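Since the structure comes first, as structure tokens, the remarks are kept for the end.
The values are calculated or read from the model by the stated rules, or taken from the named source; none is laboratory data. For clarity, every value in this text was computed on a predicted model and none was experimentally measured. Glycine also receives a Cβ, built like all others from the backbone with ideal geometry; neighbour counts cover every protein chain displayed.
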Amino acid sequence: MSNQTSRGAARWATLVAVPLALLAGLAVFAGMGGFGRDAATPEPTPTTTAPPATGPVQATATALTPRAATVCRTLVSRLPGDLRGQARRPVTAGPQQNAAYGDPAITISCGGPPPAFAPTDLVYPLDHVCWHAAESTEATIWTTVDRELPIRVRVPRIYGQPGQWVIVLSAPVLATVPAIPKPPNGCG
């Protein structure tokens, strides 16, 4: 009888333990993102922000000579579809000379007046294009100083290491905007 009692207790223990183990496993699976939630989509949290903006970015169209318009159009057509993971966005004016990426927007403008800076300011030769950086409280404005037309890139402070964003743009600038014959000191 004790053998039969042991078997009966074992059956009851199995009947209770197996469903509980299955329920515990399902709870862990669901907690780890199973049952329909895409693993690539982060779980919403109280600190999750709104999706990045994709609408047009405010831009100003500068009057350009026919040659400058051609150079700028060529440059803008060669800019990447995304800038270090930041999606390209439309601009409100001058899409043939302006471009924007991300939220907050990193903006690029072609043409306009040449940059004014002290001859003692540092210039940065980044991937064979020479840039001058001007700091403000909101952004760093990078401007080419060795090209026929100035190219300005405004990198909001939130992105950090602004030179890393600008260097990606050096290749299209180098390929489309002719160099000036005598660049400033430090550009050689």
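Structure above, values below:
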| item | result |
| --- | --- |
| Test result for Thr176, at pLDDT 95 or above, over 20 Å from Thr74 (Cβ atoms) and not charged (D, E, K, R) | no |
| Pairs, first closer than 12 Å to Ile108 by Cα in segment 66-86, second part of a strand (DSSP E or B) and not hydrophobic (A, V, I, L, M, F, W, C), C-beta under 6 Å, six or more apart | Leu83/Tyr101 |
| Filtered residues of segment 134-153 (kept if touching a residue at least 24 places away in the same chain (Cβ under 8 Å), in contact with a helix residue (DSSP H, G or I) (Cβ under 9 Å, 6 or more places away or on another chain) and surrounded by 19 or more Cβ atoms within 10 Å (Cβ to Cβ)) | Trp142, Thr144, Arg147, Leu149, Ile151, Val153 |
| Filtered residues of segment 77-128 (kept if surrounded by 14 or more Cβ atoms within 10 Å (Cβ to Cβ), in a strand (DSSP E or B) and not hydrophobic (A, V, I, L, M, F, W, C)) | Gln86, Arg88, Arg89, Asn98, Tyr101, Thr107, Ser109, Tyr124, Pro125 |
| Some residue of segment 154-163 being at pLDDT 95 or above, surrounded by 22 or more Cβ atoms within 10 Å (Cβ to Cβ) and over 19 Å from Gly81 (Cα atoms) | no |
| Residues satisfying the stated conditions in segment 54-65, i.e. part of a loop (DSSP other than H, G, I, E, B) and in contact (Cβ under 8 Å) with a residue 12 or more places away in the chain | Thr54, Gly55, Pro56, Gln58, Ala59, Thr60, Ala61, Thr62, Leu64 |
